[in-house]
Amino acid sequence: MKEKILLNGVGRIGKAILRQSLSDSDFEIVAINEINPYIKNIVYSINHDSTYGNIEDRFVIEDDNFIKNSKTKIKILNHQNIFDIDLKEIDYIIDASGIKHDIKSLEKLDVKAIFLTHANENAHKNIILGVNEQELNTNKHKVISTSSCNATALLPALKIIDESKKIICGDISTIHPLLNHQRVLDGSFVGSATRDVDYNFEFGRSATQNIIPNNTTTIKACSFIEPKINHELISSNSLRVPTDTVGAINVCLFIEKKTSKEEIIKLFEEFEKSQNYPIVLNNYDPLVSSDFKKQAYTTIIDHRYTDVKKEKMIKFLLWYDNEWGYASKTIEILKYYAQKKASF
């Protein structure tokens with residue numbers, strides 16, 4: 001029997017999770033809670049997407065508060081508060097709302113587990129696939145964070161290098177596509193209700209006309225999983241660029257043990273061959289960001305730019321689809337958890 005999922009929020013990540021779930025045989029989304037009160041607009045935004053294209057098997061409205069297509073039927077809820085939802089037929093919750101709920105309140109909900117699609121230091125466990133999923137304890141961990149898209153892409157690569165060469169220090173720059181809290185044209189920046197965004201004047205500038213520098217929480221999110229990967233070890237910044245999806249991270253690391261370009265490439269190639277999930281993908285082709293759109297692999301190492309200087313400085317570039325790839329890992333973590341729980 002398929003596990004039944006409540007999806008809380010059907011924004012960019014929620015919609016990517018929904019689309020991927022339609023072809024999954026292990027679970028199904030049976031309810032969506034969305035604060036948008038207009039069901040016609042909800043079904044329209046699900047069927048039509050400027051980034052990933054339109055759904056061929058389109059949803060239609062049924063009985064005023066359901067949407068359905070040939071594969072599934074989903075109840076649409078409009079609760080402002082997740083704690084007001086009747087969960088008697090729900091096994092798991094994927095909370096893609098971005099809202100920072102109280103963890104102690106979440107753990108009281110009558111479901112097997114809740115998965116948060118943002119890094120949360122107070123969650124029972126922050127998980128990045130390929131790094132620490134084996135630490136999941138289904139008896140202890142009920143509120144699970146699937147971290148952030150940037151950390152999901154970066155931390156597997158840092159772990160591979162640190163375990164072999166030991167990182168002394170380093171720096172990263174994330175090159176991130178624009179997000180919904182940014183402005184199309186210049187205006188005042190008033191912050192975001194659901195995101196931890198610095199109140200800097202640059203975010204009041206047009207996201208379609210500028211490269212916008214900002215801080216990034218990537219290393220902080222990594223530290224929730226690997227405490228030694230923190231801002232004392234690795235500095236960071238972000239550049240927002242006017243593209244729709246697919247981010248990149250430029251990485252520079254100083255290491256303790258000597259190495260070579262060939263050895264670093266071999267480390268990533270060996271990981272790719274032995275991995276259990278689509279995490280690391282090694283690229284050697286002359287590709288650009290749009291070539292990685294809708295890619296489930298989340299740590300795509302572009303070895304055209306892998307380099308080693310003086311045997312102790314490593315430089316590499318990685319790509320990741322910050323929506324589709326990240327959503328795929330949220331689904332895989334949920335399935336891993338469910339399989340582990342069923343085995344006890």
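What follows draws every value from the coordinates through simple rules; no lab data is involved. Just so it is clear, the model here is predicted, and its values are computed rather than measured. Reconstructed Cβ throughout: ideal geometry from the backbone, glycine too, with neighbour counts over all protein chains shown.
Summary of values
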item: Value of [θ]222 nm, deg cm²/dmol, for the chain, DSSP H segments ≥ 4, -39500 (n - 2.57) each, nearest 500; result: -7000 deg cm²/dmol
item: Label-to-label distance, nm, for residues given as Glu28 and Tyr52 (7 Å Cα→Cβ offset); result: 1.9 nm
item: Phi-based couplings in Hz for segment 51-56 (Karplus 6.51, -1.76, 1.60; Gly and Pro marked x); result: 8, 10, x, 8, 7, 6
item: Acute angle (nearest 10 degrees) that the helix 261-274 long axis makes with the longest principal axis of the chain, alpha-carbon atoms; result: 30 degrees
item: Principal axis box of segment 1-129, alpha-carbon based, largest edge first, Å; result: 39, 31, 30
item: Whole-Hz couplings from phi, Karplus 6.51/-1.76/1.60, listed for segment 39-50; x for Gly and Pro; result: 5, 4, 6, 4, 5, 4, 5, 6, 6, 10, 9, 5
item: Calculated FRET efficiency for the pair Ile211/Lys108, C-beta based, R₀ 35 Å, to 0.05; result: 0.20
item: Phe27 long-range amide H proximity, modeled H, under 5 Å; result: Glu3
item: Base-10 log of normalised Debye intensity for segment 93-132 (one unit scatterer per alpha-carbon) at q = 0.14, 0.22 Å⁻¹; result: -0.30, -0.74
item: Fraction of beta bridges assigned by DSSP in the chain that are antiparallel (%, nearest 5); result: 45 percent
item: Cα-based convex hull, the chain, per residue volume (Å³, whole number); result: 146 Å³
item: Length released on extending from Asn78 to Val288, taking residue separation times 0.36 nm less the Cα-Cα span; result: 71.6 nm
item: Distance histogram in 5 Å bins (all Cα pairs of segment 152-255, percent per bin); result: 2, 12, 21, 21, 16, 12, 9, 5, 1, 0
item: Extension reserve of the Glu269-Asn200 stretch, reckoned as 0.36 nm per residue once the Cα distance is removed; result: 20.8 nm
item: Antiparallel DSSP beta bridges within segment 277-344, as percent of all bridges there, nearest 5; result: 55 percent
item: Phe66/Ser45 FRET efficiency (R0 22 Å; Cβ-Cβ; nearest 0.05); result: 0.85
item: Cα-only Debye scattering, segment 53-123: base-10 log of I(q)/I(0) at q = 0.24, 0.29 Å⁻¹; result: -1.15, -1.37
item: 25 °C / 0.890 mPa s Stokes-Einstein diffusion coefficient of segment 214-294, Kirkwood radius on C-alpha pairs, µm²/s; result: 158 µm²/s
